[in-house]
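The values are calculated or read from the model by the stated rules, or taken from the named source; none is laboratory data. Not measured: the values here are computed from a predicted model. In this analysis, Cβ positions are derived from the backbone assuming ideal geometry, glycine residues included, and neighbour counts consider all displayed protein chains. What goes into the accessible areas is simple: the full protein's heavy atoms, side chains included, and nothing from ligands, DNA or RNA. Shrake-Rupley method; radii C 1.70, N 1.55, O 1.52, S 1.80 Å.
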Amino acid sequence: MNKETISAGQLAALIISTVVGSGIVYIPNPLTAIARQHAWMSMIAAYLFGWAVLCCLVYMHRHMRGEASFFSHIRKMVGRPLAAAAALILICLLLFAVPAIVAGIANFFTSVMMKETPAYVFSSTSLIVCALTVRAGLEVMARMFVLLAGIMLAVSLAVLLLATPGYHLEYLLPLAPQSVKPLLHAFLVAAGFPFGEVLLFCVLLPYVNAAKPGSLVRKLFGSFAIAGAMMTVSVLCTILAFGPAAGSFQYSLYRLASEIQIAEIIQRIESVIGITMILGSYMKATVYLYILNILVAECLGLSDKRLSVFPLMLICIFLSLTMFDNPADFYTQVYVIWPFMVVAVGCSLILALTLATWVKYRNAEKEGGA
Amino acid sequence: MSGKETGQGNECGISRDLDGNLAWALQRFDRCQDIVIDRLGLGESLDTAAFVLYCETLIEESKNDIIRSTIRDMIDIEGTVLDSLAADRVIRHFERQGPAVHPSTIVRRLDEAELQVWQGCIVLFVAGWDCAVGFKAASFNKRQVTEPVNEPAVQGPREGTVELLGTNLGMLRQRVRTSRLKIEYVTAGEALKSKIAYVYLEEVVNPELLAEFRRRIADIPPQEIMETSFVDDWIEDQVWSPFPQFRYTERPDSATAALMDGKILVLVDNSPMILICPAFLVDFFSTSEDYYVRTWYSIMIRQVRVLAFVIALTLPSIYIALSTFHPELIPSVLLIAILNSREGIPFPAFLEALMMEISFELLREAGIRLPRPVGPAVSIVGALVIGQAAISAKIASPIMVIVVALTGIASFAIPHYDMAMALRVLRFPLMVAAGTLGGYGLMLSFILILLHLTSLRSLGEPYLSSLAPFQWRDMRDIFVRLPMRTLLQSPRNRRLQRIGPSRSGGRDKGTP
Amino acid sequence: MAERLAVVLLLFALAAGIQRGELRRMSARDKFGLAALMVPMAYLIVIFVLQADWPNWPDLLRLVFGPPSERIVGMLKGAV
């Protein structure tokens, strides 16, 4: 793939599709299980954490213009060995994220909608479509996801709105939490999945061709705000609809959709949410697979970046089918280990790279001034 | 007599020896018994030999006396007596290109003379002259200009293109009265020597697009081009895509509108179809009639077409997915009705749908091939009888017949035949996906179709232009049609305004 | 097991079929890079086909990140 460019608006659509993506179906359940009716506060705090990560990315982007890739940029910052180590960390994160997303799709369908179909059918078909999209290129991907993200948001909002008759405002009470620990725990989960994951977009920044410098900042933070609002609203609606029982439903939005009953015509539309969830997970897996492919292809020095797409697809398929032994294992890995990896390792890496960028360019300015 | 000199080089050049030229003609046109070779005498005592060569099936009967009237004209001009009109005088007359009544062309090579014969000219060879002169006398029996069969209109012009390239180009010239309308010719093929014309409006068409088009036209190998669709096959981006990358029309007004939009038209002699390139997905939802009717009606019709597109593509597969995998999505009362109607059907919904769709496709194809008096009656009766018989035999349920009928009607509602065919083709894989994986399979199929459409290009431009990348301004004229006074405030193509200062800011339509 | 093996072969055939042109044009470096990717792939395929309980990628992650993450979660567990 030659270096393609996308606009700031298209990057914004990618951010919405990855942050909202599968999170809107998965996240309300563990958060409400941990923090109960205060989960929405943790969401807002996690959104602010993600916002801080985004600030680091925007700062680095200013110094990445003209670079062929993220890898070449950090090689200039910290040298080849450290750059390879940084790339390896990101690859490790992605080699967990992509199979986990796909395993999530497979779990959903095999547990809820199509119980007799083996999981490999869902894992392989969805990753094949992801791989084909990655091979089509970033520009095609971005153009597609502008449309699909809009559809996904519209359907999710429609479900949240249609479920309004079943909301009880009293489920939010009491507003003040007794202890801050559960809120911190929920914050950690949400900061790792999905808000902290925005760190992975550092790899895509060299491909953004913002017409005006201010437009990138505006659109990035605007889209992140939309995503944050959407996630917070979905958690809120789950609490309003199910109250203390919110933490016991595995796919909250799916369950919420099944509660909708309007005039005997609009009923049992949870399958629609299931289908929408595929869209979100597909978009998220595709973006992450694309980032993973760039990093691996650069580390291996491949002449054609498309060569590594299918091998990575196959690795991710077999990982998704062998990574998780049971639902409890899935929960532990996705909601305990993964948030720690993202926050402690991934975000620390981004912070370190931001500092390195700041030091380098501050020294360069000083030398220039002197 | 005006003449136009053509021909270069001396290979197979016309000889001054008339007998040599005659021998060539006899040999070349051996067993072409509609070729006439008439010997003449010119000059004093008619002793200057000459002969005319023409194809009697191609020329107009009344133009047989062209030679006689030409000679008479020469006498008037040269001021000589018929008896004293010598060969050298004839030759001098043509070579100095005296004023002409009959359009003529001077050729220097035998293969050019042959081409003149096949283009319906009468070619005159004169002894002692190493050239020949061809007089246009063609009369091709062609169809009259009538309303196009495939694009009828309730309101608006009813002219349609015909098989004559000149007539079609004339219809365009009548509508676009500016020298910015450029027409360029290309010839293709060894035997057919098809004349291809491409037409564009200068300062409206995107120069990069035009350059890309020229490059692709130049790359066409020396193949026989029988019809406009042959050009399509050679210059399109993805031959294997089911979606048409260019549009066709037989209406000069649609072609003119396309020119105003910066498109390039391709016309081929002996074909009435005008190729419009590039074509985007959104172009297949509109017709020229949309701009002749009232706004609300136009908006409604556009919405109906979008609905028809969705129904034609997805209805059978949605029915299969819902009835097999997601019955809970169907309202209870309707579900009971469907279950009642499907009672006793031995086949699963997927097989039932497949059989009915294939039967419908067979009926449709058969209806096209049958003679006109019989065709419509047979296809309608056939559909009714087969549908009723299938229900009585419990092969198909009434609901399935309705689904198939609605799908067929929806595909007829799509104004462009090529797009309707694409949907017919894609319906079957969607049915397979729905039958195997239900709603999940359907969603994956939609994603794959969207992926294909997003990566598809028409003459290098994204096929989903206006949708992806999304352009708000273009939404005025895609799924709705705003009143003309609003549409024309910002012209169809901004390049129309490029000559003077621009009226308003904003991005060029072509920018992603 | 036969079913899982068939799935593996089908996926390989699909990947190879789509990429056959690129695979033919590969340079030596590209071949080395792809071979490097084949190693973990082969390992995972064996685990998948045989349903073997061999050490996997999450086990490594759990080994490295498990203790600190579980400790943090343990500290943060409490009543709302």
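Here are some residues: A:191, A:241, A:227. Which one is touching a residue at least 12 places away in the same chain (Cβ under 8 Å) and touching an Asp or Glu at 6+ places or on another chain (Cβ under 8 Å)? Before the answer, list the steps.
Numbers: A:191 fails: touching an Asp or Glu at 6+ places or on another chain (Cβ under 8 Å); A:227 fails: touching an Asp or Glu at 6+ places or on another chain (Cβ under 8 Å).
Residue meeting the stated conditions: A:241.
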Output yes when any residue across the stretch A:308-317 is under 19 Å from the mean Cα position of the chain (by Cα) and either more than 8 Å from chain C (Cβ to nearest Cβ) or in a loop (DSSP other than H, G, I, E, B) (or both), and no when none is.
-> yes
Matching residues, the stretch B:353-376, being open to solvent by 40 Å² or more (accessible area, probe 1.4 Å) and farther than 24 Å from residue B:317 by Cβ | B:366, B:368, B:369, B:370, B:371, B:372, B:373, B:374, B:376
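Sort through A:280, A:274 and tell me the only one that's at pLDDT below 80 and in a helix (DSSP H, G or I). Write out each step before concluding.
Values: A:280 fails: at pLDDT below 80.
One residue alone meets the criteria, A:274.
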The stretch C:21-75, residues that are at the interface with chain A (Cβ under 7 Å from one of its Cβ atoms) and among the hydroxyl-bearing types (Ser, Thr, Tyr) | C:27, C:69
Look through A:335, A:290 and report the one residue that is within 16 Å of the chain's Cα centre (by Cα), more than 7 Å from chain C (Cβ to nearest Cβ) and at pLDDT 95 or above.
-> A:290
Consider residue A:67 carefully, then state whether it is farther than 27 Å from residue C:76 by Cα, assigned to a loop (DSSP other than H, G, I, E, B) and within 14 Å of another protein chain (Cβ to nearest Cβ).
-> no
Within the stretch B:155-162, is even one residue among the charged types (D, E, K, R) and outside the structural domain of residue B:246 (by TED's automatic domain parsing)?
-> yes
Please verify whether the stretch A:169-190 includes one or more residues that are out of contact with any Pro (no Cβ under 6 Å at 6 or more places or on another chain), surrounded by 21 or more Cβ atoms within 10 Å (Cβ to Cβ) and more than 10 Å from chain C (Cβ to nearest Cβ).
-> yes
Conditions (1) within 27 Å of residue A:192 (Cβ to Cβ); (2) surrounded by fewer than 21 Cβ atoms within 10 Å (Cβ to Cβ); (3) at the interface with another protein chain (Cβ under 8 Å from one of its Cβ atoms): number failed by residue A:109 | (2)
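Please work out if residue C:18 is free of Cβ contacts under 8 Å to residues at least 40 places away in the same chain, open to solvent by less than 20 Å² (accessible area, probe 1.4 Å) and among the β-branched types (Val, Ile, Thr). Spell out how you get there, then give the answer.
On the way: free of Cβ contacts under 8 Å to residues at least 40 places away in the same chain: yes; open to solvent by less than 20 Å² (accessible area, probe 1.4 Å): no; among the β-branched types (Val, Ile, Thr): yes.
Against the criterion (free of Cβ contacts under 8 Å to residues at least 40 places away in the same chain, open to solvent by less than 20 Å² (accessible area, probe 1.4 Å) and among the β-branched types (Val, Ile, Thr)), residue C:18 does not qualify.
Here are some residues: A:157, A:162, A:147, A:48. Which one is away from chain B (no Cβ under 14 Å), without any contact (Cβ under 8 Å) to a residue 60 or more places away in the chain and open to solvent by 20 Å² or more (accessible area, probe 1.4 Å)? Quick ask: steps written out before the conclusion?
Values: A:157 fails: without any contact (Cβ under 8 Å) to a residue 60 or more places away in the chain; A:162 fails: without any contact (Cβ under 8 Å) to a residue 60 or more places away in the chain; A:147 fails: away from chain B (no Cβ under 14 Å).
Selected residue: A:48, the only one of A:157, A:162, A:147, A:48 that is away from chain B (no Cβ under 14 Å), without any contact (Cβ under 8 Å) to a residue 60 or more places away in the chain and open to solvent by 20 Å² or more (accessible area, probe 1.4 Å).
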List, please: which pairs have Cβ atoms under 8 Å, are six or more places apart or on different chains, and start with a residue in the stretch A:74-94 that is over 14 Å from residue A:359 (Cβ atoms) and end with one that is open to solvent by 60 Å² or more (accessible area, probe 1.4 Å) and modelled with pLDDT under 90?
-> A:83/A:75
Odd one out for residue A:92 among (1) surrounded by fewer than 24 Cβ atoms within 10 Å (Cβ to Cβ); (2) farther than 29 Å from residue A:323 by Cα; (3) modelled with pLDDT of 90 or more = (2)
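Could you say whether any residue in the stretch B:173-181 is in contact with a helix residue (DSSP H, G or I) (Cβ under 9 Å, 6 or more places away or on another chain) and in a strand (DSSP E or B)? Give the steps one after another, and end with the answer.
Of the residues in the stretch B:173-181, the ones in contact with a helix residue (DSSP H, G or I) (Cβ under 9 Å, 6 or more places away or on another chain) are B:174-176, B:181.
Imposing the further condition that a residue be in a strand (DSSP E or B) reduces the set to B:181.
Scanning the stretch B:173-181 turns up at least one residue that is in contact with a helix residue (DSSP H, G or I) (Cβ under 9 Å, 6 or more places away or on another chain) and in a strand (DSSP E or B).
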With B:433, B:377, B:389 as the choices, which residue is over 30 Å from the mean Cα position of the chain (by Cα) and farther than 30 Å from residue B:279 by Cα?
-> B:389
Among (1) surrounded by 12 or more Cβ atoms within 10 Å (Cβ to Cβ); (2) at pLDDT below 90, which single condition is residue C:11 missing?
-> (2)
Residue count for the stretch B:115-156, restricted to those that are of a type in the set (Lys, Arg), under 21 Å from residue B:273 (Cα atoms) and either open to solvent by 90 Å² or more (accessible area, probe 1.4 Å) or over 27 Å from the mean Cα position of the chain (by Cα) (or both) = 1
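Checking the conditions here, which among B:317, B:298 is touching a helix residue (DSSP H, G or I) at 6+ places or on another chain (Cβ under 7 Å), more than 21 Å from residue B:426 (Cβ to Cβ), open to solvent by less than 20 Å² (accessible area, probe 1.4 Å) and not β-branched (Val, Ile, Thr)?
Details: B:317 fails: more than 21 Å from residue B:426 (Cβ to Cβ).
Only one candidate qualifies: B:298.
Residues checked against (1) in a loop (DSSP other than H, G, I, E, B); (2) touching a strand residue (DSSP E or B) at 6+ places or on another chain (Cβ under 7 Å); (3) open to solvent by 40 Å² or more (accessible area, probe 1.4 Å); (4) modelled with pLDDT of 90 or more:
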| residue | (1), (2), (3), (4) |
| --- | --- |
| A:303 | yes, no, yes, no |
| A:331 | no, no, yes, no |
| A:349 | no, no, no, yes |
| A:359 | no, no, yes, no |
Among residues belonging to the stretch B:242-261 that are open to solvent by less than 10 Å² (accessible area, probe 1.4 Å), touching a strand residue (DSSP E or B) at 6+ places or on another chain (Cβ under 7 Å) and not β-branched (Val, Ile, Thr), point out the one that is farthest from residue B:166 (Cα to Cα).
-> B:245
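Tell me which residues, restricted to the stretch A:112-134, are in a helix (DSSP H, G or I) and surrounded by fewer than 22 Cβ atoms within 10 Å (Cβ to Cβ).
Taking the stretch A:112-134 as the starting set, the residues that turn out to be in a helix (DSSP H, G or I) are A:112-113, A:119-134.
The answer is A:112, A:113, A:119, A:120, A:121, A:125, A:128, A:129, A:132.
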